[in-house]
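Before any comments, here is the structure.
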Amino acid sequence: MTSVPPGPAGVPATPAAGAEVPARPTVTVATYPDYASAQRAIDYLSDNQFPVELTSIVGTDLRLVERVTGRLTTARAALAGAVSGAWFGLFIGLLFGLFSRSAWWAVLVVAVLIGAAWGAAFGAVAHGMTGGRRDFSSTSTLQAAQYAVAVDAEYADQARQLVTRLTWQASGAE
């Protein structure tokens, strides 16, 4: 049996290539309309000494939502490219500036300017190559219709009792 090491805080761990994660029978103990509520339930379980490594948050009925943020013109594409190019130039300038014996700030300024110029050029060209097929900017998110808290079957009753207590506390019924 191969175990998966925990990932950094907030980032789900993934198994190594070729590693198999054993399937454990789980039971859904609660469902929530948003991710924050499911997280709150897991946090409550943790606060009450429940073995949270036996829990999962499962999003169901996934959908992709693309929110249009505005019109994308060649000038806006060039500006966005210039900003990202300037950041890249800043990074490169800092690296070169660390090893420069004199006028490290000049190296930094030149790198930022070159990065911004190249970024603007690439942004404008990339937008022009779309031929007007995508003249808008947007952001995309994956959203679930609901989030279920699932627990190993042998701990389901204990988890269900704790989550029910959390619901009572939240409603002020205690």
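In segment 70-95, the residue that is farthest from T139 (Cα to Cα) out of those that are modelled with pLDDT under 95 and polar (S, T, N, Q) is T74. Residues that are farther than 17 Å from T141 by Cβ, touching a residue at least 40 places away in the same chain (Cβ under 8 Å) and of a type outside the set (S, T, N, Q) within segment 40-69 comprise R40, A41, I42, Y44, L45, F50, P51, L54, V58, listed in sequence order. Look at (1) outside any helix (DSSP H, G or I); (2) buried (at least 17 other Cβ atoms within 10 Å of the Cβ); (3) touching a helix residue (DSSP H, G or I) at 6+ places or on another chain (Cβ under 7 Å) and you find that A150 fails only one, number (3). Just one of the listed residues (T55, T60, T141) is touching a strand residue (DSSP E or B) at 6+ places or on another chain (Cβ under 7 Å), surrounded by 14 or more Cβ atoms within 10 Å (Cβ to Cβ) and under 30 Å from L166 (Cα atoms), namely T55.
Mind checking whether some residue in segment 78-100 is more than 24 Å from Q161 (Cβ to Cβ) and β-branched (V, I, T)? If you could, list the steps in order and put the result at the bottom.
Within segment 78-100, the first condition is being more than 24 Å from Q161 (Cβ to Cβ), and the residues that meet it are 78-100.
Then drop every residue that is not β-branched (V, I, T), which leaves 83, 92.
Yes, that holds for at least one residue.
The values are calculated or read from the model by the stated rules, or taken from the named source; none is laboratory data. The shown structure was predicted, so the numbers you read here are calculated from the model rather than taken from an experiment. Note that we place each Cβ from the backbone using ideal geometry, even for glycine, and neighbour counts take in every protein chain shown.
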